[in-house]
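Data first, discussion second: the structure below is written as structure tokens.
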Amino acid sequence: MSRKTHTLSAAAIVAALGLTFASADISGAIAQDSEIESNQTIAAADLSVEPVFIAEEVVQPLADPSAENEANADQLVAKPKAGSLRQLVSITDKDYTLSEEMQCLAGAVYFESRGEPLAGQLAVAQVVINRAESPRFPSSYCGVVYQRAQFSFVKGGQMPRIRTGSNAWSRAKAIARIAHEGHWDSEAQDSLYFHANYVRPSWSRKKTRRATIDTHIFYR
């Protein structure tokens, strides 16, 4: 090989090495630029999802359950407005179809107190209701009315025939409904017993008197 050729070869080698280092520097620069660009992209992405805080708290008002229950109760039990028990009886529906239980309640009013003032009739109905709610007595109106030796009008376990076309029966039905639905407070309050004032049963001395209405005395 000639010296010229050797010199050219050496020059070529040096040139090649220079290109290699240059390429390496350029590659590093590109890699660095790519890394910076990538970091900038990630930073921009992070900024784009940064949470935004609202100055005032957003609160959704909740419905008042007690108010809703009261509204429902008003719809279910609409008490008629009346200034007296007599007025309430006059505006109470008397043509409704009686269930067996309401028949027993109205029958007790009719046979025990149809000659009494309306307050006395209501008191009799209240005693039947109180007994049905007491653990000491049967748990239904009919059970209370037909309990043995409790109501004298019951004969042989049966109720006598009712004059269903009479005003007395219409009033008894109204009184039974008023008492059952709690539309008027009775003077009998929580009474469980009553008797006519012309008799004095031995058990009455052990009871607490609640009210005297016309010819009936009521006890707890």
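The values are calculated or read from the model by the stated rules, or taken from the named source; none is laboratory data. All values reported here derive from a predicted model rather than from experimental measurement. Note that each Cβ is placed from the backbone with ideal geometry, even for glycine, and that neighbours are counted across all protein chains shown. The area values use the complete protein model at the heavy-atom level, side chains included, leaving out ligands, DNA and RNA. Shrake-Rupley method; radii C 1.70, N 1.55, O 1.52, S 1.80 Å.
Amide H neighbours of residue 211 under 5 Å, counting only residues 5+ apart in sequence or on other chains, H built in-plane at 1.01 Å?
218
For residue 94, give me every one of the lysines with a C-alpha distance below 28 angstrom, ignoring sequence neighbours fewer than eight places off in its own chain.
Candidates past the 8-residue exclusion: 79, 81, 155, 173.
Using θ = phi - 60° and the Karplus relation 6.51 cos²θ - 1.76 cosθ + 1.60, list the HN-Hα couplings for the stretch 148-160 in order, rounded to whole Hz, with x at every Gly or Pro.
Listing the rounded values in order: 4, 6, 10, 10, 5, 6, 7, 10, x, x, 10, 8, x Hz.
Just subtract the alpha-carbon distance of residue 212 and residue 198 from 0.36 nm times their residue separation and send over the number in nm, one decimal.
Result for the pair: 3.8 nm of gain on full extension.
For the stretch 81-91, in order, what is each residue's ³J(HN,Hα) by Karplus, 6.51 cos²θ - 1.76 cosθ + 1.60 with θ = phi - 60°, in whole Hz (x at glycine and Pro)?
Per residue, the Karplus-derived 3J(HN,Hα) values read 8, 8, x, 8, 5, 4, 5, 5, 4, 5, 9 Hz.
In terms of solvent-accessible area of protein heavy atoms at a 1.4 angstrom probe, what is the ranking of 148, 163, 220, highest value first? Don't skip to the answer; put the middle values down first.
Working: 148 215, 163 155, 220 95 Å².
Accessible-area ranking of 148, 163, 220, largest first: 148, 163, 220.
Rounded to the nearest 20 Debye, what is the dipole magnitude of the stretch 144-220 about its Cα centre when Lys and Arg each give +1 and Asp and Glu each give -1 at the C-beta?
In debye, rounded to 20, the stretch 144-220 gives about 380.
Over the alpha carbons of the stretch 68-183, what is the largest minus smallest coordinate on each principal axis, giving the biggest first in Å?
49, 34, 23
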